[in-house]
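*Asks:* I have a structure here, written as C-alpha cells, and I will follow up with some questions on it.
The values are calculated or read from the model by the stated rules, or taken from the named source; none is laboratory data. None of the values given here were measured: they were computed from a predicted structure. A quick note on method: Cβ atoms are made from the backbone with ideal geometry, for glycine too, and the neighbour counts reach across all protein chains shown.
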Amino acid sequence: MVEASFPDELWHSNFTVTPGTFTRILHEIGDEISRQDTPMRKAVKPNRRLAIIALYYLMSTAEYRTVGNLFGVSVAFACACIKEVCEAIN
C-alpha cells in the first residue's frame, strides 16, 4: 500500500529516503535480506523488511515493541530484522 499510494514528500517524511534511494538500497541488499516461505508461515518480503522495519526504526525513536506493534510483527522479529538489514547495508 505504501509503495502505491505515498507521494514522494510523504515517503521522504516517513522513511527519510526518496523512493529512488529506497529502490537502490533494496536492489543492493535484497538478496541478502530475502527469506523463503515455510509450511508454517509466509516470509516477510525484502521491501517490507527494509521499509517498514529497518528504515522506520532508524529514522524514529521508536522501541522494538512499538515498531513491532505498528507493523504486526513480534518484538523478536523486529529486533532480528533491524540487525540483519543494518548488517547488509554495512
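*Asks:* Scan segment 35-59 residue by residue and report those that are without any contact (Cβ under 8 Å) to a residue 40 or more places away in the chain and surrounded by 21 or more Cβ atoms within 10 Å (Cβ to Cβ). Can you show your working first?
*Replies:* The first filter runs over segment 35-59 and keeps only residues without any contact (Cβ under 8 Å) to a residue 40 or more places away in the chain, leaving 35-46, 48-50, 53-54, 57.
Residues satisfying the conditions are ARG49, LEU50, ILE53, ALA54, TYR57.
One line per residue, one yes/no per condition, for (1) farther than 18 Å from GLU87 by Cβ; (2) of a type in the set (D, E, K, R):
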residue	(1), (2)
PHE15	yes, no
THR23	yes, no
GLU28	no, yes
LYS42	yes, yes
GLU63	yes, yes
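*Asks:* So for segment 33-54 (the condition being modelled with pLDDT of 90 or more, under 21 Å from THR18 (Cα atoms) and assigned to a helix (DSSP H, G or I)), does at least one residue qualify?
*Replies:* For segment 33-54, residues modelled with pLDDT of 90 or more, under 21 Å from THR18 (Cα atoms) and assigned to a helix (DSSP H, G or I): present.
*Asks:* Answer with yes or no whether ILE29 is within 13 Å of the chain's Cα centre (by Cα) and free of Cβ contacts under 8 Å to residues at least 60 places away in the same chain. I'd like the intermediate steps shown before the answer.
*Replies:* On the way: within 13 Å of the chain's Cα centre (by Cα): yes; free of Cβ contacts under 8 Å to residues at least 60 places away in the same chain: no.
Criteria not met by ILE29.
*Asks:* Quick check on my filter: what residues within segment 69-90 are part of a helix (DSSP H, G or I) and touching a Gly at 6+ places or on another chain (Cβ under 8 Å)? Talk me through it step by step, then tell me what you get.
*Replies:* At the first step, the residues of segment 69-90 found to be part of a helix (DSSP H, G or I) are 69-71, 75-89.
Selection gives VAL75, PHE77, ALA78.
*Asks:* Now, a different point. Of THR66, THR61, which residue is part of a loop (DSSP other than H, G, I, E, B) and of a type in the set (S, T, N, Q)?
*Replies:* Values: THR66 fails: part of a loop (DSSP other than H, G, I, E, B).
Being part of a loop (DSSP other than H, G, I, E, B) and of a type in the set (S, T, N, Q) holds for just one of THR66, THR61, which is THR61.
*Asks:* Mind counting the residues in segment 15-32 that are out of contact with any helix residue (DSSP H, G or I) (no Cβ under 7 Å at 6 or more places or on another chain) and modelled with pLDDT under 90? Give the derivation first.
*Replies:* Start the filter on segment 15-32 by keeping residues that are out of contact with any helix residue (DSSP H, G or I) (no Cβ under 7 Å at 6 or more places or on another chain), which leaves 20-21, 23-24, 27-28, 31.
Right, trim to modelled with pLDDT under 90 and you get 20-21, 23.
So the count comes out to 3.
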